[in-house]
1. Considering only region 88-98, I want to know if a residue exists there that is near the ligand (Cβ under 10 Å from one of its atoms) and surrounded by fewer than 24 Cβ atoms within 10 Å (Cβ to Cβ).
2. Within region 160-176, does at least one residue satisfy the condition of being out of contact with any Cys (no Cβ under 7 Å at 6 or more places or on another chain), open to solvent by 30 Å² or more (accessible area, probe 1.4 Å) and within 15 Å of the ligand (Cβ to nearest atom)?
3. What tally of residues in region 279-304 results from selecting those that are open to solvent by 60 Å² or more (accessible area, probe 1.4 Å) and in a helix (DSSP H, G or I)?
4. List pairs: first residue in region 169-182 and free of Cβ contacts under 8 Å to residues at least 40 places away in the same chain and of a type in the set (Gly, Ala, Ser), second residue near the ligand (Cβ under 9 Å from one of its atoms) and assigned to a loop (DSSP other than H, G, I, E, B) anywhere in the structure, Cβ distance under 7 angstrom, at least six positions apart or on different chains.
5. Applying the selection to region 65-92, what residues are of a type outside the set (Asp, Glu) and either touching an Asp or Glu at 6+ places or on another chain (Cβ under 9 Å) or not assigned by TED's automatic domain parsing to the domain that holds residue 19 (or both)?
6. Scanning region 1-31 for residues that are in contact with a Lys or Arg (Cβ under 8 Å, 6 or more places away or on another chain) and in a strand (DSSP E or B), which turns out surrounded by the most Cβ atoms within 10 Å (Cβ to Cβ)?
7. Could you check region 129-153 and list, in sequence order, the residues that are open to solvent by less than 10 Å² (accessible area, probe 1.4 Å) and in a helix (DSSP H, G or I)?
8. Looking at region 60-87 only, could you name the residues that are open to solvent by less than 20 Å² (accessible area, probe 1.4 Å), of a type in the set (Gly, Ala, Ser) and either more than 15 Å from residue 116 (Cα to Cα) or free of Cβ contacts under 8 Å to residues at least 12 places away in the same chain (or both)?
Amino acid sequence: MKAVQVLGTRENHRIVLSDTLLRPSPTGHQILIKVHAAGITADEVIWPELYASTHRVPGHDISGTIEAVGPEYDGPLSLGQSVYAMLAADSPQGGQSEYAIAMPNEVAIKPLSISHAQAAALPIPALTAWEAVFSRMKLTQGSKALVTGASGAVGAMFVQIAKKLLSAEVIGLASPSKYDFVQELGATKVLDYGSLDWCDKIHGVDAVFDTVGGEVLTKAWKTVKQDGVIVTVGDPAPSWAFNGGQPEESQTYPGVKCLHFIVSPDGDALTHVASLIDDGALRPIPVQVFEAKEAVEAWKYASHRGRKGKAVIQFLSE
Ligand SMILES: NC(=O)c1ccc[n+]([C@@H]2O[C@H](COP(=O)([O-])OP(=O)(O)OC[C@H]3O[C@@H](n4cnc5c(N)ncnc54)[C@H](OP(=O)(O)O)[C@@H]3O)[C@@H](O)[C@H]2O)c1
């Protein structure tokens, strides 16, 4: 079957389209999905899990149809149904291939009103934003939040989920060319992280959701209230994230809770997201679709800033 593979090392890698891998067979409770489209998160090439996997097939966001299930599968899904899924970071084989194996808790019925390509762009961005809003920040009705990278895939889902589901006041940071887009999603105010003083113009937010990291994250501390929360997901993760440490800024802002997390698969949340998309409450993310034979170009496109949509590889035409 056709599959994207990442060869070489984390520091010196090469992305290729191969046709040497065999179609996997589902065992136990597994579900075999015929992949119509798979989304690209370009930073995955720095995730260690990819290099620990046997086949080095990247991709965790897929949309397709159920081709087969393992002998012990006893869930509600049936053959031929259209589904979308986020495969776990440590899945033995990723989703950028004609067939992929998923676990039942990773899969949900695909939103009916959008294409497989649009659905394949959603799982990680939607689940990351969902987990940030409801589990990590515990935002409540009318909370005030700042999101950095508001025009990106994760940021765009955060703006919409916080605004539409919790009537939150959301301030976004984005490049000026993306202001209209971020405002249309529901942001109350959009500022440019290129302007030096953006952090002096925002005060007392309940929560910061950071998808950029680095200097942007450092400056965001000034905007949060004394007992607020900062949640960051930008790659590479800050050095304190994996050793139980705390960022230096915690000494200056002792009441502010700061945390980093890695998104987990959540089929139930994907089911909610699908119905919100079909109801028109949430908009899908803009996508740029590439055919499987253009997979290498798709990865190049996905790594560039300022692109028009999330890169998606289409393995089967709609
Ligand atoms: N920890 C997790 O579980 C998790 C889950 C999902 C994603 N992530 C990470 O979160 C980050 C955002 O993901 P995404 O899918 O939303 O990415 P994306 O679609 O590329 O969006 C990132 C946004 O950040 C802005 N940005 C500001 N400074 C940037 C810079 N120096 N380089 C690149 N972009 C910059 C860009 O906005 P403008 O164009 O408006 O400037 C861009 O739209 C990525 O690093 C991704 O790997 C982590």
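1. Checking region 88-98: at least one residue is near the ligand (Cβ under 10 Å from one of its atoms) and surrounded by fewer than 24 Cβ atoms within 10 Å (Cβ to Cβ).
2. Yes; the residues of region 160-176 include at least one that is out of contact with any Cys (no Cβ under 7 Å at 6 or more places or on another chain), open to solvent by 30 Å² or more (accessible area, probe 1.4 Å) and within 15 Å of the ligand (Cβ to nearest atom).
3. 4
4. Final answer for the pair search is 172/150; 174/150; 174/151.
5. 79, 80, 84, 85, 86, 87, 88, 89, 91
6. 6
7. Within region 129-153, 129, 132, 133 qualify.
8. Scanning region 60-87 gives a single hit, 70.
The values are calculated or read from the model by the stated rules, or taken from the named source; none is laboratory data. All of these numbers come straight from a predicted model, not from anything done at the bench. Here Cβ is always computed from backbone atoms with ideal geometry, including for glycine, and neighbour counts include all displayed protein chains. Just so you know, the surface numbers come from the protein's heavy atoms only, side chains and all, with ligands and any DNA or RNA stripped out. Shrake-Rupley method; radii C 1.70, N 1.55, O 1.52, S 1.80 Å.
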